[in-house]
Amino acid sequence: MSYEGFVDLSFKPPRKDVQCLFYAEAPKGKTLAWSAERIAGESSVGTWVDVITSEKAIGKKLRPHVYSVRKNSGFVCINYPIDLFEPKNIPSVWSSICGNIYGMKEIQNLRLMDVRFPPALLRAHKGPAYGIQGVRKLLKVKKRPLVGTIIKPKLGLPYKEHARVAYEAWLGGCDVVKDDENLTNQKFNPFEKRAQLTLKLKEKAEHETGGKKAYLINVTAESREMLRRAEYAEELGANYLMVDVVTCGMSGLQTLREYGPKLPIHAHRAMHAMFTRNRKHGMTMLALAKFLRLVGVDTLHVGTGEVGKMEGSPAETREVAEAISSKKTASGKTHFAQDWGNIKPVLPVASGGLHPGSIPKLVKIFGLNFVAQAGGGIHGHPDGTTAGAKAMRQAVDAVMKKIPLKEHAKTHPELEVALKKFGN
């Protein structure tokens, strides 16, 4: 079966199949429909020439259909029969819809904008173990945004200093303290020693503050070692795990979710921008985030909506946050409607260049269901980490009470100093 014959603009995609929305550019002299057929064929039952093994054996049941070609926008919609996929094997799903076609000459540029998951894919995966409500229950925070920090500098601190900084952040009011993406098991900060001391100081901070705290320890590693580290952390009393979901890959994430401790998983998206940032090629953060929710992370970096240092508009960030935190999402020009069924919602995390002055804008973008996570915006406070954490909590409290930050700062010196340094 060659690449011809996959376009059918009268086709009505059934709910049981997988639908993909691509942005595509055809090479010079070719039409968008011509390229769309090659996307559909190369990612499924087609090849570059008719072969005698195809038509009679395959029939029409497994044929994908290009059912929409929007010439002006470059968008094409393709329906893939669910039987083309092994539903529980996300790497194999990616090998189809995100595979060979990206390297073909028949496509000038190609970007996966969105995927609609059918019931069979939803049933094949557990989704988040805790979800938004589970994380809130764990930390006993019912309504306000959660406050978190990343240990800075991200690399270089000895494990004792790392634990001390985490303790100071918890004392100041942080709910969450996490490792950064590239801190794993280096000589200057061994995983096991870091886990032992930081978790011990987490318990001390909980006793002294009366609040629940979480330490998101980075277990990123080869899959078997990742499981070992996760189980070791659980034995020490860890109540949260962190993993670099892109560099570990969907296979590693599935392994951790399926066979690891039943603890919440925080997803750091390091490396995502290598294929999500280009507006014409790769994959959107929206599509990536939906796959991560399907497999089962509980909290996920989604950007900052231009409030901090990360790229991405408020509208894009809000779209991603809605896709992972809602039970149902409506369709739009660049995304599908999605009913998540029994898959729990994921708590969005805003992180990257944030500080207390960022809180009002972040609440406008996310509402109250998010984690406001600041690294330098806490540890860079002139009076130290504890004061920086206090300032973040004071900013959140001010927004919850609908008090302008400058007004609240008059009676909260930590916030006043932070606003002078970072701005409002």
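Read-outs throughout are calculated quantities, based only on the coordinates presented, and are distinct from any laboratory measurement. Just so it is clear, the model here is predicted, and its values are computed rather than measured. Glycine also receives a Cβ, built like all others from the backbone with ideal geometry; neighbour counts cover every protein chain displayed.
Could you tell me the calculated FRET efficiency between residue 155 and residue 224, based on Cβ-Cβ distance and R0 = 25 angstrom, to the nearest 0.05?
My answer for the efficiency is 0.55.
Report ³J(HN,Hα) in whole Hz for each residue of the stretch 266-280, in order, from the Karplus equation J = 6.51 cos²θ - 1.76 cosθ + 1.60 where θ = phi - 60°; Gly and Pro get x.
Coupling constants for the stretch 266-280: 9, 9, 8, 9, 3, 5, 4, 5, 4, 10, 9, 7, 5, 6, 10 Hz.
Please name which of 120, 41, 98 has its Cα lying farthest along the dipole of the stretch 18-123 towards the positive end, using unit charges on Cβ (Lys, Arg +1; Asp, Glu -1) and the Cα centre as origin.
Result: 120, furthest along the dipole toward the positive end.
Output ³J(HN,Hα) for the stretch 109-118: one whole-Hz value per residue in order, computed from phi by the Karplus curve 6.51 cos²θ - 1.76 cosθ + 1.60 with θ = phi - 60°, and x for Gly and Pro.
In residue order, the calculated couplings are 9, 8, 9, 6, 7, 6, 9, 9, 8, x Hz.
Convert each backbone phi in the stretch 162-176 into a coupling constant with the Karplus relation 6.51 cos²θ - 1.76 cosθ + 1.60 (shift: θ = phi - 60°), then list the ³J(HN,Hα) values in order as whole Hz, x for Gly and Pro.
Those phi angles translate into 4, 5, 5, 4, 4, 4, 5, 5, 5, 4, x, x, 5, 7, 10 Hz.
Using a ≥ b ≥ c from the Cα gyration tensor of the stretch 131-422 (square roots of the eigenvalues), is it rounded, prolate or oblate, where a/c under 1.5 gives rounded and otherwise the larger of a/b and b/c decides, a/b for prolate?
It is oblate, given that a/c is not under 1.5 and a/b is not larger than b/c.
Quick query: amide H of residue 270 versus all other amide H atoms, modeled in the peptide plane; which residues come in under 5 Å with a sequence gap of 5 or more or a different chain?
For residue 270, the qualifying residues are 245, 246.
Can you tell me which of 215, 232, 130 moves the most in a GNM of the chain? Springs connect C-alpha atoms under 10 Å apart.
For the chain, modelled as a Gaussian network with Cα springs under 10 Å, the answer is 232.
In nm, what is the difference between 0.36 nm times the number of residues separating residue 258 and residue 407 and their Cα-Cα distance?
48.8 nm
Among 136, 111, rank each residue by its count of other Cβ atoms within 10 Å, from fewest to most, as a rough exposure measure.
Neighbour counts put them in this order, fewest first: 136, 111.
Using the Cα centre of the chain as the reference point, and only Cβ charges (+1 on K/R, -1 on D/E), how large is the resulting charge dipole? Debye, rounded to the nearest 20.
1000 debye
At 0.36 nm per residue, and after removing the present C-alpha to C-alpha distance, how many nm does the segment from residue 186 to residue 200 gain when stretched out fully?
Length gained, residue 186 through residue 200: 3.0 nm.
Using a simple spin-label model with points 7 Å from Cα along the Cα→Cβ vector, what separation in nm is obtained for residue 94 and residue 126?
Each label point is offset 7 Å from its Cα along the Cβ direction, giving 2.0 nm.
Please list the non-local residues whose amide H lies under 5 Å from the amide H of residue 68, H modeled 1.01 Å from N, same-chain partners needing a gap of 5 or more.
77
Under the rule of at least 5 residues apart or a separate chain, name every residue whose amide H is placed under 5 Å from the amide H of residue 349.
It is 300, 301, 302, 371, by chain and number.
For the stretch 375-424, report the convex hull volume of the alpha-carbon atoms normalised per residue, in Å³, without decimals.
60 Å³
Can you sort 379, 268 by how many other beta carbons sit within 10 Å, fewest first?
With the fewest neighbours first, 379, 268 line up as 379, 268.
Which trypsin sites (Lys or Arg not before Pro) does the stretch 190-264 hold that lie in a coil by DSSP with at most 11 other beta carbons within 10 Å?
The qualifying sites are 262.
Calculated from DSSP H runs of 4 or more alone, at -39500 (n - 2.57) each and per residue, what is the 222 nm mean residue ellipticity of the chain, nearest 500?
Result for the chain: -11500 deg cm²/dmol, rounded to the nearest 500.
Taking the chain as the reference, fit the longest principal axis to its C-alpha atoms, fit the long axis of helix 385-400 to the helix C-alpha atoms, and give the angle between the two in degrees, 0 to 90, nearest 10.
Between the helix axis and the principal axis of the chain, the angle is about 70 degrees.
Counting only Cα, what are the radius of gyration and maximum Cα-Cα distance Dmax of the stretch 18-123, in Å?
Rg then Dmax for the stretch 18-123, in Å: 13.6, 43.
Please list the three semi-axes, largest first and in whole Å, of the ellipsoid equivalent to the stretch 100-168, using sqrt of 5 times the eigenvalues of its alpha carbon gyration tensor.
Listed largest to smallest, the semi-axes of the stretch 100-168 are 39, 25, 12 Å.
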